[in-house]
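Okay, so here's the structure we're looking at.
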Amino acid sequence: MPHATRRILLGLAAASLAPAAQAQLQAPRRSADGDIPFPAPGRRPWAEAVPRLGIALMGGENEVDRLARFDGYRALLEQTFGVPARLYPAGDYAGVMQAFGAKQVEIASLGSSAYAGVWLDTQGNVEPLVVPEQEDGSIGYLAVMLARADSGIASLEDMRGRSLAWADPNSASGYLIPRAVLRRQGVDPEPGRYFGATGFAGGHEQAVVAVLQKQYDACCTWASGQGEEASGFTRGNLRAMVEKNMLRMSDIRIIWRSEPIPTGPITIRADLPDALKNDMKQFLLALPRTHPDIYRQISRGEGAGYREARHADYQIFIDLRQEEAAARRRRR
């Protein structure tokens, strides 16, 4: 097994430790602390250098729903900091990554693999602000593989020769981590090896729809892994689709789960003023307590708020992306 693959698998659980264990290493500020005030409204001095806030929205959900979910967040940013805020929905993960590289946006919520990709593409010109916490205080989630309940597929073994949809090439749960973990389990994820065929669905929501419509036998997506499976867990793509009446959990069967994956951070460009970064951290850390409805909209479910994030938690994804890139070059 390649060194970076071994390292990421060993590091998944460590990077999603509960706060008590994390506190032995560092004491990040957390929404759950309850003592962080929401920023007072008013235009800031940093607005001279950053006259508007561009917020990139990751793919994986249809554009109308994404814009509706984030509109209250956008309006609150404008009211709080006195600068226009604009939403930029991207068709896929790569669109958000390119927007950061071109300095067209300032902020985005990224998956772990996408954060690593942007960090590499911009030569370190992004940094994490906060990371979502689960109800138990952990910062992990799961990659899950699912099939239709009526397909006769009940386990990974049943997927031999069947078709599998990946969510997006820049998704940790929908591509990068399943491939690494499956290799560890002796499953070659390349098309035509273990699976009969593989392809990209264009996002997490689209991947599940492709399975429901029998375009693929199974797909990979993400879920919190906490709470009731029958309702789509507490957070994640399945929960969001259940709430939008796009999915009934009784219509699918989860046939494989990963180990916990460190949740991706809300990310900001590193070249922006430190005062803006500090204001955004305070805004986000206080948001769940002071504006719970807006928090629930952008978090796609329940949660315990946010915790200050560290770049070091995502180094394992940078290593794995570099390994994947090297493997692609060797195959050419």
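The values are calculated or read from the model by the stated rules, or taken from the named source; none is laboratory data. Predicted, not measured: the structure shown is a model, and the values here were computed from it. Every residue, glycine as well, gets a Cβ built from its backbone with ideal geometry; the counts of neighbours run over all protein chains shown.
Within the stretch 197-231, can you find the residues that are of a type in the set (D, E, K, R) and under 17 Å from ASP158 (Cα atoms)?
Passing the criteria: LYS214, ASP217.
Scan the stretch 33-56 for residues that are crowded, with 18+ Cβ neighbours inside 10 Å and at pLDDT below 95 and jot them down.
Across the stretch 33-56, there are no qualifying residues.
Within the stretch 157-177, how many residues turn out to be exposed (fewer than 14 other Cβ atoms within 10 Å of the Cβ) and in a loop (DSSP other than H, G, I, E, B)?
2
Out of the stretch 48-81, which residues are assigned to a strand (DSSP E or B) and over 20 Å from HIS204 (Cβ atoms)?
LEU53, GLY54
Sort out which residues of the stretch 234-261 are over 22 Å from LEU164 (Cα atoms) and at pLDDT below 95, and write them in order of number.
Of everything in the stretch 234-261, those that are over 22 Å from LEU164 (Cα atoms) and at pLDDT below 95 turn out to be THR234, ARG235, GLU243, LYS244.
Assuming VAL130 fulfils every condition listed in (1) in a loop (DSSP other than H, G, I, E, B); (2) touching a residue at least 40 places away in the same chain (Cβ under 8 Å) apart from one, which condition is it?
For VAL130, the failing item is (1).
Being of a type in the set (A, V, I, L, M, F, W, C), assigned to a helix (DSSP H, G or I) and in contact (Cβ under 8 Å) with a residue 60 or more places away in the chain is true for just one of ALA108, ALA154, ALA99, ALA180. Which residue is that?
ALA180
Take ARG296 and tell me if it is surrounded by fewer than 18 Cβ atoms within 10 Å (Cβ to Cβ), among the charged types (D, E, K, R) and within 19 Å of VAL131 (Cβ to Cβ).
Yes.
Do we have any residue at all in the stretch 60-78 that's buried (at least 20 other Cβ atoms within 10 Å of the Cβ), at pLDDT below 95 and out of contact with any Asp or Glu (no Cβ under 8 Å at 6 or more places or on another chain)?
For the stretch 60-78, residues buried (at least 20 other Cβ atoms within 10 Å of the Cβ), at pLDDT below 95 and out of contact with any Asp or Glu (no Cβ under 8 Å at 6 or more places or on another chain): absent.
In the stretch 243-274, what residues are polar (S, T, N, Q), surrounded by fewer than 20 Cβ atoms within 10 Å (Cβ to Cβ) and farther than 21 Å from GLY202 by Cα?
If the condition is that a residue be polar (S, T, N, Q), surrounded by fewer than 20 Cβ atoms within 10 Å (Cβ to Cβ) and farther than 21 Å from GLY202 by Cα, then SER250 is the only one that fits.
Kindly evaluate TRP119 against the criterion of being of a type in the set (A, V, I, L, M, F, W, C), under 17 Å from the mean Cα position of the chain (by Cα) and farther than 30 Å from PRO51 by Cβ.
no
The rows are residues; the columns are (1) assigned by TED's automatic domain parsing to the domain that holds ALA85; (2) touching an Asp or Glu at 6+ places or on another chain (Cβ under 7 Å).
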position: PHE100; (1), (2): yes, no
position: LEU110; (1), (2): yes, no
position: VAL126; (1), (2): yes, no
position: MET145; (1), (2): no, no
position: SER151; (1), (2): no, yes
position: ASP158; (1), (2): no, no
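What residue, among those in the stretch 196-209 that are assigned to a loop (DSSP other than H, G, I, E, B) and closer than 20 Å to LEU142 by Cβ, is modelled with the highest pLDDT?
The qualifying residue modelled with the highest pLDDT is ALA201.
Any idea which of ALA230, ALA240 is surrounded by 20 or more Cβ atoms within 10 Å (Cβ to Cβ) and under 21 Å from ALA207 (Cα atoms)?
Residue meeting the stated conditions: ALA240.
How many residues are loosely packed, with under 15 Cβ neighbours inside 10 Å, modelled with pLDDT under 70 and of a type in the set (A, V, I, L, M, F, W, C) if we restrict to the stretch 15-32?
Within the stretch 15-32, residues that are loosely packed, with under 15 Cβ neighbours inside 10 Å, modelled with pLDDT under 70 and of a type in the set (A, V, I, L, M, F, W, C) number 5.
Can you pull out the residues in the stretch 305-317 that are surrounded by 19 or more Cβ atoms within 10 Å (Cβ to Cβ) and either modelled with pLDDT under 90 or at negative phi (or both)?
Within the stretch 305-317, TYR306, ARG307, ALA309, ASP313, TYR314, ILE316, PHE317 qualify.
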